[in-house]
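Participant: A single structure is presented below for examination.
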Amino acid sequence: MIEEGRPLAEPDRRYWRRHVNRHVRKARRARTLLRWTGILAANLAIGAVLVATGASVARHFATSDELAVREILVEGTARTTPKAVRAVLASYLGRNLAEVPLEEVARSATRDPWVKEASVKRILPGTLRVTVTERTPGALALIRGGVYVVDEGGFVMGPAGPELPFDLPLLVGLNGRRGKDLEAALANGVALLMRLHDAFPSWTRGVSEVDLSRSDRGAVTRLEGGPPILLDPQNIDRNLGAYLALQPMIARQVGGVSRVDLRWSHRISLLPAADSSATEND
C-alpha cells in the first residue's frame, strides 16, 4: 500500500537499458545487413560486367580475321624439309588461331613419312610453331614385290626411291604377312639388325639381306657373298664372335660351306657345300 506524501521509488534503470539495447541491436543488424547486401550487389554487378566482357573478347578471338593462321613455322627437320611439313598442314592456313586444335595439327604433321611425332604452339597473332621429331631409317623391306623404307621401330615410311634413297640391309621373307603380323616381323627384323650393330658394328655394315620367313631364325647374307648364317632371334650374337674367329680355319679344313647355323648353345653347325651332311665344330 502506498502511503500518502511519500515519494515514489525511482524505477530500476537496468530494465530501461535492456529495452533500449534491443532497439540498438536491431538497428545495428539492419545497417550491417544493408551494407553486406550492397557489397554483394556490387560484386555481382562487377562479375556480370567481367563475364560480358570475357564473352565479348572470346567472340572477338573466335571470329576476328586478325587471328587467322597466316604462317606455319616448322623446326627440327633434318631429312625432311619445312616445306614438306607445311604442305601436309596447308589446310590450317586461314583458320582462326584460337580455334585450331593443337593435338590435331600434331597428328596431321605425321602424314609426312619422316615425321615420327610433333608438338605445336600458338604464337599471336597468326602463327603456328611446329616442332618435329624425325624417324630414323632402319632397313629396307621387300613387301609384296615393292621395296620400302622401314624406320627403327618397323614403321613403313614409304617406297624406296628418289625421295627415300638408302643403302640399307634388305628384309625379305615377308610374303603372306599382313597387318599386325607384318608389323611385328618388320619390328623384329630391324631390332635384329640393331642388336647386331651394337655387338659387331663393322661386320653388320656388310650385311646384305635378312630372311625372316621363319620365326625361329634370322638368315643373314652378306654383300661379299658366302653362305647364309642362321641366327637365334632371341640371342642374336650367340656363337657369332666364335664363328668369325674360326672362319680362316674353317676355310682351310672344311672348304666351301653352304650354310652356317649358330643357334645352338656352344655349337657351330656347318653344312659343307659339296656334302649334304652337317659338320659340327664345338
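Laboratory data are not the source of any read-out in this text; all were calculated from the coordinates shown. Just so it is clear, the model here is predicted, and its values are computed rather than measured. When we count neighbours, we look across all protein chains shown, and the Cβ atoms used for this are built from the backbone with ideal geometry, even at glycine.
Participant: Could you calculate the contour length gain from residue 259 to residue 98, that is, 0.36 nm times the residue separation minus the distance between their Cα atoms, to one decimal place in nm?
Facilitator: Full-extension gain reported as 51.6 nm.
Participant: Right, something else. Translational diffusion coefficient of segment 109-153 at 10 °C, 1.306 mPa s, Stokes-Einstein with Kirkwood Rh over Cα pairs, in µm²/s as a whole number.
Facilitator: 127
Participant: Between residue 184 and residue 121, what length comes free when the chain is fully extended (0.36 nm per residue of separation minus the Cα-Cα distance, one decimal in nm)?
Facilitator: Result: 19.3 nm gained on full extension.
Participant: Let me ask something additional. Modelled label-to-label distance, residue 213 and residue 65, 7 Å Cα→beta-carbon offset: nm?
Facilitator: 6.6
Participant: With viscosity set to 1.306 mPa s at 10 °C, what whole-number translational diffusion coefficient in µm²/s follows for segment 151-282 from Stokes-Einstein and a Kirkwood radius over Cα pairs?
Facilitator: The diffusion coefficient I find is 101 µm²/s.
Participant: Quick one: grab the alpha carbon gyration tensor of segment 145-213, order the square roots of its eigenvalues as a ≥ b ≥ c, and give me rounded if a/c is under 1.5, else prolate or oblate depending on whether a/b is larger than b/c.
Facilitator: The shape class here is oblate.
Participant: Full extension from residue 199 to residue 136: what is 0.36 nm times the residue separation minus their Cα-Cα distance, to one decimal in nm?
Facilitator: That works out to 20.7 nm of additional length.
Participant: Follow-up question, since we're still on this one. How would you rank 135-147, 106-118, 240-252, highest first, on the average number of other Cβ atoms within 10 Å across their residues?
Facilitator: Answer by packing, highest mean first, reads 106-118, 135-147, 240-252.
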